[in-house]
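Please read the structure below before turning to the comments.
The values are calculated or read from the model by the stated rules, or taken from the named source; none is laboratory data. On a predicted model such as this, the values are computed, not experimentally measured, just so you know. Heads up, the Cβs are rebuilt from the backbone with ideal geometry, glycines too, and the neighbour counts pull from every protein chain shown.
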Ligand SMILES: Cc1cc2nc3c(=O)[nH]c(=O)nc-3n(C[C@H](O)[C@H](O)[C@H](O)COP(=O)(O)OP(=O)(O)OC[C@H]3O[C@@H](n4cnc5c(N)ncnc54)[C@H](O)[C@@H]3O)c2cc1C
């Protein structure tokens, strides 16, 4: 396919692969990036929050030219029940000032732009090409086998940035087949609405944006969240839940999304909108304990393929970009040393350990297992909170003490006080 030998091959042109490719190409390395999609972003899905600071670690001032949709000034959490919702939010007008805090993006546009940057830095991007396997010399990775005719390509180092569905990683024995308890399945629609309608409905001025994370009824009590994010002239609306919960409940993520869209409070926000895109994707939720082998002779693993997602803070793209950057920097050092051995590449893991990535992954190391086995947080508690507020706020001639007693009886009916205390203590323990 390509005769020459490269310094580095990157498998996948998502944020992690592009960050790695960009970093290495900028330092003068000869880099080739393979992407199976028609173009970068064509197969990629995210709710849409892109964080400024980590992206600027790669491209300073990127937001002045990148296709970002809106800068986010308000982040809400909604606890949903059948007919009601408890809303909590944080608005910060400092986030309305340059250089902003974070942005909404549409991946089909953003990844394309980011790929252009990698190409301008000197990387060769080959799209519509699937990497089928790694090529070895004894135990050392020396290249890849693509699905093209004469599709072998050689390099000193391969960076595996294939995303959550990490088939090459599995083939190479870096991790076992990912079990459904370690994956969430999410669907998302991009719903177009006039700019002015979005601004009026979400109380925004100009390019200001808002995010809403929804729990409770939004996932029918399964471990997961839903989201509504404002773009320039559209809304990103989606929902995701643990794959194992979906299978057990015999649920389909699309049914969840349709239910969410028809919730009276949500429906008002979407009214008159037209669905422009429908997307589905997996999210790695295995956490710290499910991180695969991250390096071998001639190989490093980055982003979702390395299970680097912090679902509790809705962070993935930033972990992807920074892990890609750190792998890129390790490859640059390896080239300088003329040594691409496992020993040399182990400094990638050291860099990850020193960064926020592993510190955060470690902090929440037991959270996924805890919440996956304690569904009360997604089912009973959101419902009880909504019902309690309903009882308190209805003025119906009943004395408040009687209402209080009724609420406590309802609570006791669902979970003992001891059970609640235990849940709260354990939740604090895994999240602290
Ligand atoms: C519904 C949803 C909402 C999310 N919301 C957010 C959010 O708001 N903010 C946030 O920061 N993160 C969010 N995330 C997480 C974020 O999208 C990921 O963490 C991030 O995209 C990971 O980047 P990546 O480059 O590792 O993988 P990906 O973006 O998945 O890129 C992998 C690329 O590799 C390509 N590829 C795969 N296999 C091959 C192969 N064999 N050969 C060639 N190419 C291949 C794929 O086509 C793809 O382009 C969300 C995820 C989902 C699914």
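Put simply, of 311, 298 the only residue that is away from the ligand (no atom under 16 Å from the Cβ) and either in the same structural domain as residue 46 (by TED's automatic domain parsing) or surrounded by 20 or more Cβ atoms within 10 Å (Cβ to Cβ) (or both) is 298. Screening residue 198 with (1) closer than 26 Å to residue 285 by Cα; (2) in the same structural domain as residue 209 (by TED's automatic domain parsing) gives one miss only, at (1). List the residue pairs whose Cβ atoms are under 6 Å apart, where the first residue sits in the stretch 181-208 and is farther than 14 Å from residue 69 by Cα and more than 16 Å from the ligand (Cβ to nearest atom), the second is in a strand (DSSP E or B) and modelled with pLDDT of 95 or more, and the two are 6 or more positions apart or on different chains. Once the first residue is farther than 14 Å from residue 69 by Cα and more than 16 Å from the ligand (Cβ to nearest atom) and sits in the stretch 181-208, its partners that are in a strand (DSSP E or B) and modelled with pLDDT of 95 or more give 202/210; 202/230. Taking the criterion of being within 13 Å of the ligand (Cβ to nearest atom) and not in a helix (DSSP H, G or I), the residues of the stretch 243-285 that qualify are 277, 278, 279, 280, 281, 282, 283, 284, 285. Tell me, please, whether a residue that is in contact with a helix residue (DSSP H, G or I) (Cβ under 9 Å, 6 or more places away or on another chain), within 14 Å of the ligand (Cβ to nearest atom) and within 20 Å of residue 153 (Cα to Cα) can be found in the stretch 1-11. The answer is yes; a qualifying residue exists. Looking at this structure, is residue 32 outside the structural domain of residue 225 (by TED's automatic domain parsing), under 29 Å from residue 335 (Cβ atoms) and within 13 Å of the ligand (Cβ to nearest atom)? Judged against the criteria, residue 32 is a match. For residue 46, the stated conditions do not hold, so it cannot be described as more than 10 Å from the ligand (Cβ to nearest atom) and more than 13 Å from residue 160 (Cα to Cα). What residue, of 118, 155, is surrounded by 22 or more Cβ atoms within 10 Å (Cβ to Cβ), modelled with pLDDT of 95 or more, part of a strand (DSSP E or B) and more than 10 Å from the ligand (Cβ to nearest atom)? After applying the criteria, what remains is 155.
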